[in-house]
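> There's a structure below that I have some questions on.
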């Protein structure tokens, strides 16, 4: 689930709610041709509306995955066939939008997606400079809980956010050829797990005064873009955070290539200096005697 550039979470929720509400017209339709024409029109219009707010077709495609093609091809020359067809359409709509017009209707699959977006709004409910450390920053530099973030970034409040792709990349590093990466990855995962386990219901833990840490979970059904590597996925999540919160998001890295790519996409970057490199990497880079 990726929002189009410039689209806010509120706009996406509004589109989903409108399409759920509009399905009531299909449910109430009892024309001579049954519900099929109204249903097909609704699906077409819903696809078009979803394209205006979502950059991928994940949600749009779900409209066609269950009964859509069966409904398109089913004959309805006779009354009993039309009754069966109308019932199938009703069941399909119940899956997609629930039961519009009924108090407390969760809204089916589209309503579930709207609920996920509402849950993400909590990310915008707190103040602070949102920072996403990449795997390079975590493996090659001082531990994130030891760095003086407020002094480095010159911000009074700093929120360190770890996308799941970073956690998975660290997990893979536990089995890297280089032993220093294996131990470092295990140490970092244990540390992140400690903070996550201590998180209150609002989903973040305090590292020290003015600095918090949280994990950005993937939404249910989240799919990575085909061909994207881990760096691309991290940048995608930075852009997603920026859309969800409406605030700037800063990538933390020591990798020049990652910095250049991020800046080309309009993502703010803070490049860690050699002063914060681990001694072993300073030696490898010829920065120490």
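The values are calculated or read from the model by the stated rules, or taken from the named source; none is laboratory data. These figures come from a predicted structure and were not determined experimentally. Note that we place each Cβ from the backbone using ideal geometry, even for glycine, and neighbour counts take in every protein chain shown.
> Do we have any residue at all in segment 226-241 that's in contact with a strand residue (DSSP E or B) (Cβ under 9 Å, 6 or more places away or on another chain), in a strand (DSSP E or B), more than 22 Å from residue 126 (Cβ to Cβ) and at pLDDT 90 or above?
no
> Report yes if residue 95 is farther than 23 Å from residue 58 by Cβ and either surrounded by 15 or more Cβ atoms within 10 Å (Cβ to Cβ) or within 26 Å of the chain's Cα centre (by Cα) (or both), otherwise no. Outline the logic, then answer.
Working: farther than 23 Å from residue 58 by Cβ: no; either surrounded by 15 or more Cβ atoms within 10 Å (Cβ to Cβ) or within 26 Å of the chain's Cα centre (by Cα) (or both): yes.
No: the conditions fail for residue 95.
> Those residues that are crowded, with 16+ Cβ neighbours inside 10 Å and over 18 Å from residue 229 (Cβ atoms), I need them from segment 163-184; list them, please.
So in segment 163-184, the residues crowded, with 16+ Cβ neighbours inside 10 Å come out as 163, 165-167, 169-170, 173, 181, 184.
Residue satisfying the conditions is 184 alone.
> Within segment 48-91, how many residues are farther than 30 Å from residue 4 by Cβ, assigned to a loop (DSSP other than H, G, I, E, B) and either in contact (Cβ under 8 Å) with a residue 40 or more places away in the chain or out of contact with any helix residue (DSSP H, G or I) (no Cβ under 8 Å at 6 or more places or on another chain) (or both)?
Result for segment 48-91: 3.
> Additional query: Evaluate the following for residue 85: is it out of contact with any strand residue (DSSP E or B) (no Cβ under 7 Å at 6 or more places or on another chain) and surrounded by 13 or more Cβ atoms within 10 Å (Cβ to Cβ)? Reasoning before the result, please.
On the way: out of contact with any strand residue (DSSP E or B) (no Cβ under 7 Å at 6 or more places or on another chain): yes; surrounded by 13 or more Cβ atoms within 10 Å (Cβ to Cβ): yes.
So residue 85 fits the description; yes.
> Right, next: Just give me the residues in segment 92-107 being without any contact (Cβ under 8 Å) to a residue 24 or more places away in the chain and either outside the structural domain of residue 48 (by TED's automatic domain parsing) or assigned to a helix (DSSP H, G or I) (or both), in sequence order.
Passing the criteria: only 94.
> Taking strands (runs of 3 or more DSSP E) that fall entirely within segment 108-223, which contain at least 2 residues that are under 30 Å from residue 54 (Cα atoms) and either in contact with a strand residue (DSSP E or B) (Cβ under 8 Å, 6 or more places away or on another chain) or outside the structural domain of residue 92 (by TED's automatic domain parsing) (or both)? Please lay out each step first, then the result.
Values: elements: 129-133, 158-163, 205-208, 211-216.
So the answer is 129-133, 158-163, 211-216.
> Pull up segment 242-264, narrow it to residues that are closer than 27 Å to residue 114 by Cα and at pLDDT 90 or above, then point me to the one that is surrounded by the fewest Cβ atoms within 10 Å (Cβ to Cβ).
Of the residues in segment 242-264, the ones closer than 27 Å to residue 114 by Cα are 242-250.
Okay, now just the ones that are also at pLDDT 90 or above, so 248-250.
Details: 248: 13, 249: 22, 250: 21.
So, considering only residues that are closer than 27 Å to residue 114 by Cα and at pLDDT 90 or above, the one surrounded by the fewest Cβ atoms within 10 Å (Cβ to Cβ) is 248.
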